[in-house]
1. Restricting to the range 216-251, what's the tally of residues that are touching a residue at least 40 places away in the same chain (Cβ under 8 Å) and assigned to a loop (DSSP other than H, G, I, E, B)?
2. Take the range 158-171 and flag every residue that is surrounded by fewer than 22 Cβ atoms within 10 Å (Cβ to Cβ) and under 16 Å from residue 198 (Cα atoms).
3. Of all residues in the range 98-123 being within 19 Å of residue 259 (Cα to Cα) and exposed (fewer than 14 other Cβ atoms within 10 Å of the Cβ), which is modelled with the lowest pLDDT?
4. Please work out if residue 248 is over 18 Å from residue 94 (Cβ atoms), touching a helix residue (DSSP H, G or I) at 6+ places or on another chain (Cβ under 9 Å), surrounded by 24 or more Cβ atoms within 10 Å (Cβ to Cβ) and not assigned by TED's automatic domain parsing to the domain that holds residue 46.
5. State whether the residues of the range 102-111 include one that is within 22 Å of the chain's Cα centre (by Cα), farther than 18 Å from residue 228 by Cα, part of a helix (DSSP H, G or I) and assigned by TED's automatic domain parsing to the domain that holds residue 194.
6. From the residues in the range 29-44 that are surrounded by 16 or more Cβ atoms within 10 Å (Cβ to Cβ) and in a loop (DSSP other than H, G, I, E, B), which one is modelled with the lowest pLDDT?
7. Yes or no: the range 260-273 includes at least one residue that is in a strand (DSSP E or B), in contact with a strand residue (DSSP E or B) (Cβ under 6 Å, 6 or more places away or on another chain), in contact (Cβ under 8 Å) with a residue 12 or more places away in the chain and under 15 Å from residue 217 (Cα atoms).
8. Take the residues in the range 1-19 that are modelled with pLDDT of 95 or more and in a loop (DSSP other than H, G, I, E, B); name whichever of them is surrounded by the most Cβ atoms within 10 Å (Cβ to Cβ).
């Protein structure tokens, strides 16, 4: 199933896509709407709640909307946390001139960095001038996880999504080298448009990921090239730390980011950046740099 949060007449509502074009209104079907009208309560409900979603999706009398005529929002606006993974493709380590890690490199993105799959990316030009794109497969946690074993890790996944881990390289690497700040300015975590449930993607390690900037392909790789697979990431992140339903884990970006190119390519006012993951879809964000 493809789960989404959408807005009609300014009100956010949880939904599920039917036949790739109709959005079934899950709130109208009697399912709970989480904070901001989104999918958090459905994530917290686990497999039993997903069974209710499937029933609503198959109900031909359910209230529906044309997906092209509603505003698609971030699937979960305020998860408890975003735990991102850095340097998780060997070719990306090489282009960044950094050693291949021996264990997952984790960092946080503030939840206020979240924006919708089709929203503007916007930042003050006086704060950063070196903003980069990073396509990533995102993992959404579906049930509370702590100290989980690798072999069971995928059982804790609700589904998968597309993330652009937007990064201000001058904040991340220069001066005080503030990774969290460089990754967490407002709008620096567009994701969506859907959470595709894990039953639809039995093997998340065979998915093509791409970035297209102004019509030109900039990144193209496959999740089979991850250094640490999703099982390892979830098990590692849960050691001593509780993962909660709705938590978002971007799993790392491949070769082709802007700061490693010669000359560097940074996002500029008027750009359009598309990030896509096979079997999930794409997010499309235009850039607006504030003066």
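The values are calculated or read from the model by the stated rules, or taken from the named source; none is laboratory data. The structure presented is a predicted model; accordingly, all values stated were derived computationally and were not measured. For neighbour counting, all protein chains shown are included, and Cβ atoms are generated from backbone atoms with ideal geometry for every residue, glycine included.
1. From the range 216-251, those touching a residue at least 40 places away in the same chain (Cβ under 8 Å) are 218-219, 221, 223, 225-228, 230-251; that's our starting set.
If we keep only those that are assigned to a loop (DSSP other than H, G, I, E, B) too, we end up with 227-228, 238-242, 244-247, 251.
Number satisfying all stated conditions: 12.
2. Our first condition is that a residue be surrounded by fewer than 22 Cβ atoms within 10 Å (Cβ to Cβ); within the range 158-171, this holds for 169-170.
None - no residue of the range 158-171 is surrounded by fewer than 22 Cβ atoms within 10 Å (Cβ to Cβ) and under 16 Å from residue 198 (Cα atoms), so the list stays empty.
3. This residue is 98.
4. Yes.
5. Checked the range 102-111: at least one residue is within 22 Å of the chain's Cα centre (by Cα), farther than 18 Å from residue 228 by Cα, part of a helix (DSSP H, G or I) and assigned by TED's automatic domain parsing to the domain that holds residue 194.
6. Taking the range 29-44 and keeping what is surrounded by 16 or more Cβ atoms within 10 Å (Cβ to Cβ), we get 29, 31, 33-34, 37-44.
Applying the additional criterion that residues be in a loop (DSSP other than H, G, I, E, B) yields 29, 31, 33-34, 38-39.
Values: 29: 97, 31: 95, 33: 89, 34: 80, 38: 83, 39: 95.
This residue is 34.
7. Narrowing the range 260-273 to residues in a strand (DSSP E or B): 272-273.
Restricting the remaining residues to those that are in contact with a strand residue (DSSP E or B) (Cβ under 6 Å, 6 or more places away or on another chain) gives 272-273.
Checking the rest, the ones that are also in contact (Cβ under 8 Å) with a residue 12 or more places away in the chain come to 272-273.
Of the ones still in play, those that are also under 15 Å from residue 217 (Cα atoms) are 272-273.
Yes: the range 260-273 contains one or more residues that are in a strand (DSSP E or B), in contact with a strand residue (DSSP E or B) (Cβ under 6 Å, 6 or more places away or on another chain), in contact (Cβ under 8 Å) with a residue 12 or more places away in the chain and under 15 Å from residue 217 (Cα atoms).
8. Result: 1.
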